[in-house]
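Remarks on the structure that follows.
The values are calculated or read from the model by the stated rules, or taken from the named source; none is laboratory data. In this text the structure is predicted, and so the values were computed from the model without any measurement. Please note: Cβ atoms are built from the backbone with ideal geometry, for glycine as well, and neighbour counts cover all protein chains shown.
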Amino acid sequence: ATYNFRVDRVRSVLCGGLDLQIEHHLFNKLPPHRLREIAPQVERACQEHGVPYRSQSWGRTLLGAFAHIQALSKPDPQPAVSAQEAVAA
């Protein structure tokens, strides 16, 4: 699911506007500073139409990203091919 994360304007600039993923996916041609301007209207439209508008804290976003990276770093319990088969291919 796509969601936004809440940060101040300085962190938003440092993130390149990645904090406004919902608006970015809807209006991907808009520059980041314009996404911040339309965010309240997008949230209101979502509420009016019963569409979830997901937003979470910066800390929770970081923890989720680290957990995802950690999960990806673990070996696959059942690899598609063995190491020997991969080398032979």
Return the total of residues in region 42-87 being in a loop (DSSP other than H, G, I, E, B) and in contact (Cβ under 8 Å) with a residue 12 or more places away in the chain.
3
Within region 52-69, is there a residue that is out of contact with any Cys (no Cβ under 7 Å at 6 or more places or on another chain) and farther than 20 Å from Gln21 by Cβ?
no
Before we move on, is Pro32 surrounded by fewer than 12 Cβ atoms within 10 Å (Cβ to Cβ) and either in contact (Cβ under 8 Å) with a residue 12 or more places away in the chain or of a type outside the set (S, T, N, Q) (or both)?
no
Residues that are within 21 Å of Ala1 (Cβ to Cβ), touching a strand residue (DSSP E or B) at 6+ places or on another chain (Cβ under 7 Å) and modelled with pLDDT of 95 or more: does region 59-77 have at least one?
no
